[in-house]
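First up is the structure itself, then whatever we jot down about it.
The values are calculated or read from the model by the stated rules, or taken from the named source; none is laboratory data. Quick caveat, the model's predicted, so the values are computed rather than measured. Positions of Cβ are generated from backbone atoms using ideal geometry, with glycine treated the same way; all protein chains shown enter the neighbour counts. The accessibility values were calculated without ligands, DNA or RNA, using every heavy atom of the protein model including side chains. Shrake-Rupley method; radii C 1.70, N 1.55, O 1.52, S 1.80 Å.
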Amino acid sequence: MKILIIGQRGIPVLNSNNTQSERRVEALAQQLTHQGHYVAVTCTRPFTPPTLHRIGGVDLIHGGWAKSLRTLWKRQPDVVHMHGWSAAGWLRV
């Protein structure tokens with residue numbers, strides 16, 4: 001299954017600025033990948049280095065919400081997981 005996770009700052013959790021939300025997304029994404037699913041996670045600066053494109057089998061998509069929307073249409077995921085309260089704005093899309 002192709003899964004896109006949006007609504008968080010980014011993974012991997014590199015510093016204390018990342019919250020428990022990011023830790024949950026990182027664990028979820030890696031677990032789904034280990035189960036054989038394709039997983040992509042949206043990331044923003046400065047939380048994820050822009051040179052990092054893949055970690056633990058998870059694709060990292062840089063660029064925030066606009067890039068997330070393009071990715072959603074381009075990759076046509078089977079599941080879009082909106083993580084975090086800010087993702088609620090997508091419900092109008």
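Table for the structure above
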| item | result |
| --- | --- |
| Charge tally in the Cβ shell below 13 Å around Gln30, where Lys, Arg are +1 and Asp, Glu are -1, Gln30 excluded | 0 |
| Karplus-derived HN-Hα couplings along the stretch 76-82 (A = 6.51, B = -1.76, C = 1.60, θ = phi - 60°), whole Hz, x at Gly and Pro | 6, x, 6, 9, 10, 9, 9 |
| Probe 1.4 Å, all protein chains present, accessible-area order of Val13, Val25, largest first | Val13, Val25 |
| Under 5 Å, built H, 5+ apart or other chain: amide partners of Cys43 | Ile61, His62, Gly63, Gly64 |
| Neighbour net charge for Ala40 - beta-carbon separation under 14 angstrom, K R +1, D E -1 | +3 |
